[in-house]
Amino acid sequence: MLTISQLRRFEGKPSLAEEMAKELGLKTYRLYQDSQGKKFLFDEETGKTIRVKERPKHLRIIRGRGERGIKNFGKA
């Protein structure tokens, strides 16, 4: 399936997933990367681009106490 989709894209046609998304009324974007390594999404319908912000690989998300700490804040 992937090869068929790639061949369709080389021919200038939408991929199978893009075609199905269009039938379902979903908006599609294509991900591109420029020469400096920055990634952006391209909307073919409007011609607009959206920059993709990536968090650094060396940072991690650490979960705190969450709502429990907020509810009990200031209570003895």
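So the values come out like this:
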quantity	calculated
Solvent accessible area, Å² - MET20, 1.4 Å probe, full protein context	120
Exposure ranking of ASP34, ASP43 by accessible area [1.4 Å probe, largest first]	ASP34, ASP43
Rounded to the nearest 10 Å², the accessible area of SER15 at probe 1.4 Å	10
Distant-in-sequence amide H partners of VAL52 (H built 1.01 Å from N, under 5 Å)	LYS39, PHE40, LEU41
Length released on extending from GLN6 to TYR29, taking residue separation times 0.36 nm less the Cα-Cα span	6.7 nm
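The values are calculated or read from the model by the stated rules, or taken from the named source; none is laboratory data. Quick caveat: nothing in here was measured; it's all calculated off a predicted structure. Only protein heavy atoms, including side chains, enter the accessible area calculation; ligands, DNA and RNA are left aside. Shrake-Rupley method; radii C 1.70, N 1.55, O 1.52, S 1.80 Å.
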